[in-house]
């Protein structure tokens with residue numbers, strides 16, 4: 001018996017249903033986000049921690065279903081803390097049509113790649129760049145922490161008003177000049193406003209061959225009541241050791257750039273008593289912060305996140321929120337500016353229309369080999 005032929009419309013309907021099922025079962029295209037940071041060289045602790053914090057946030061989001069069912073993929077590039085390497089890395093990320101790049105981790109690299117970013121439709125969302133050269137600019141650079149002014153003025157006020165310091169000798173690294181000079185001049189203005197004066201300044205360009213013995217000896221000849229160190233964790237550790245060899249008692253203030261766990265490890269006893277203004281409160285006993293610490297340590301073999309890991313995690317959360325909440329026709333930058341308020345691991349903060357964030361700053365001290373919050 002010959003079966004009747006299936007009508008063409010029925011065949012078409014079946015084919016459409018099968019095609020729809022195949023589409024529904026096929027993996028969804030990922031949302032791709034870039035990361036650029038210095039994961040090699042003398043500031044690798046900053047870049048590695050920032051990358052790890054970003055990875056943790058993305059892995060958690062993927063475990064919870066991604067963004068509207070789409071997985072999130074992180075594309076990582078090492079800038080080597082080298083402007084030319086960074087520019088090449090950013091070019092590769094832009095050529096991959098990524099709308100958002102988390103990073104970089106230092107101000108000098110942000111300045112080196114800014115023209116590329118501004119010429120594109122993509123944005124940089126930095127966890128840790130603080131130079132005031134980027135404050136109040138309507139560009140494609142955004143950040144999740146305050147600029148140097150918030151840290152430097154807090155430090156200067158604490159030293160001059162609370163501790164009564166009236167003279168300071170300063171040493172800073174020219175390799176990250178857009179950050180270190182911004183920090184120095186913000187500190188200087190506030191310190192002088194409270195009656196203090198800068199009695200000596202030494203600059204240098206960081207490299208493995210740099211010797212700090214003579215630089216520190218020159219600083220201390222002026223008998224300052226305070227030494228201010230504005231550099232990375234490795235150099236800060238070496239400088240503090242030289243200071244303590246020549247003067248066991250002079251107070252030391254350090255910028256937040258160096259306030260990683262690596263600084264304490266490398267400086268040893270010379271780290272004791274060093275004061276730093278920073279946005280991380282390591283004495284925080286809140287459930288959110290303690291959960292983050294536990295998750296980070298478990299994921300990365302017991303490593304501490306420090307400020308860079310926390311900031312990387314916060315930046316990734318901002319990025320993920322933007323992709324989740326974006327309205328039709330909005331750019332990622334427009335979505336972030338519209339959302340305005342974000343919950344970080346420790347603080348709720350705002351990102352204004354210029355992409356600048358506000359964060360509360362704490363005064364901390366190294367005590368018994370750990371950062372302790374003073375106020």
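Bear in mind these aren't lab numbers, they're just calculated from the coordinates by the rules spelled out. Here the structure is a predicted model, which means the values were calculated and not measured.
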For helix 306-325, report the angle its Cα long axis makes with the longest principal axis of the Cα atoms of the chain; keep it between 0 and 90° and round to the nearest 10°. 30 degrees
Extension gain from residue 201 to residue 303, taking 0.36 nm per residue of separation minus the Cα-Cα distance: 33.2 nm
When DSSP assigns beta bridges and you keep just the ones with both residues in the chain, what percent turn out antiparallel, to the nearest 5? 30 percent
Using only alpha carbon pairs under 8 Å that are at least six residues apart, calculate the relative contact order of segment 251-304 and give it in whole percent. 33 percent
Helix 287-299 against the longest principal axis of the chain: what's the angle in degrees, Cα atoms only, rounded to the nearest 10? 80 degrees
At 222 nm, what value in deg cm²/dmol follows for the chain if DSSP H runs of at least 4 each add -39500 (n - 2.57) and the sum is divided by all its residues, to the nearest 500? -13500 deg cm²/dmol
Give me the orientation-averaged projected area of the Cα convex hull of segment 149-278, in nm², one decimal. 6.7 nm²
Under a Gaussian network model of the chain whose springs join Cα atoms within less than 10 Å, the largest fluctuation of 241, 222, 159 belongs to 222
Round to a whole angstrom and tell me the spacing of the C-alpha centers of segment 59-93 and segment 110-161. 20 Å
Note on segment 80-236: alpha-carbon gyration tensor, axes a ≥ b ≥ c; rule is a/c under 1.5 for rounded, else prolate if a/b larger than b/c, else oblate; result oblate
May I ask you to derive the relative contact order of segment 149-278, considering only C-alpha pairs under 8 Å and at least 6 residues apart, and to give it as an integer percent? 27 percent
Would you mind checking the tilt of helix 8-25 against the longest principal axis of the Cα atoms of the chain, expressed as 0 to 90 degrees and rounded to 10? 20 degrees
For the chain, built as a Gaussian network whose Cα springs stay under 10 Å, the top-fluctuating residue of 96, 206, 178: 96
